Amino acid sequence: MQSNLYDAKSRPSKLIDRALEGEEIVIANAGKPMVKLTPIRQPLQRVLGAAKGRHNLPDGWEQSMSETEYEEFTNGGSL
């Protein structure tokens with residue numbers, strides 16, 4: 001929906017409600033589109049431990065590689 005600047009000034013709450021419902025609201029001045037009203041999306045709340053039990057790591061995963069393992073892994077240092 002496109003609204004002119006005068007209408008936007010006289011009934012901003014109605015335009016905001018329509019934008020929050022998902023309608024695209026464009027405010028124009030002299031017929032030229034100037035701004036678009038869009039709702040601010042709240043970031044999803046992260047839940048600590050949500051992936052618990054989904055991934056299994058092998059024993060010793062936290063230990064550093066030996067020099068030999070590192071050389072094999074990096075193909076002698078040239079990844």
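Each value in this text was obtained by applying a stated rule to the coordinates, not by laboratory testing. Quick caveat: nothing in here was measured; it's all calculated off a predicted structure. Backbone-built Cβ (ideal geometry, glycine too); neighbour counts: all protein chains shown.
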Could you count how many residues in segment 55-72 are surrounded by 10 or more Cβ atoms within 10 Å (Cβ to Cβ) and outside any loop (DSSP other than H, G, I, E, B)?
-> 4
Checking R46, R54, R18, R11 in turn, the sole residue that is in contact with a strand residue (DSSP E or B) (Cβ under 7 Å, 6 or more places away or on another chain) and not aliphatic (A, V, I, L, M) turns out to be R18
Looking for whichever is within 26 Å of the chain's Cα centre (by Cα), closer than 11 Å to M1 by Cβ and either aliphatic (A, V, I, L, M) or part of a loop (DSSP other than H, G, I, E, B) (or both) here; the options are A19, A28. Which one fits?
-> A19
Would segment 37-54 turn up any residue that is closer than 30 Å to N4 by Cα, surrounded by 10 or more Cβ atoms within 10 Å (Cβ to Cβ) and among the aliphatic types (A, V, I, L, M)?
-> yes
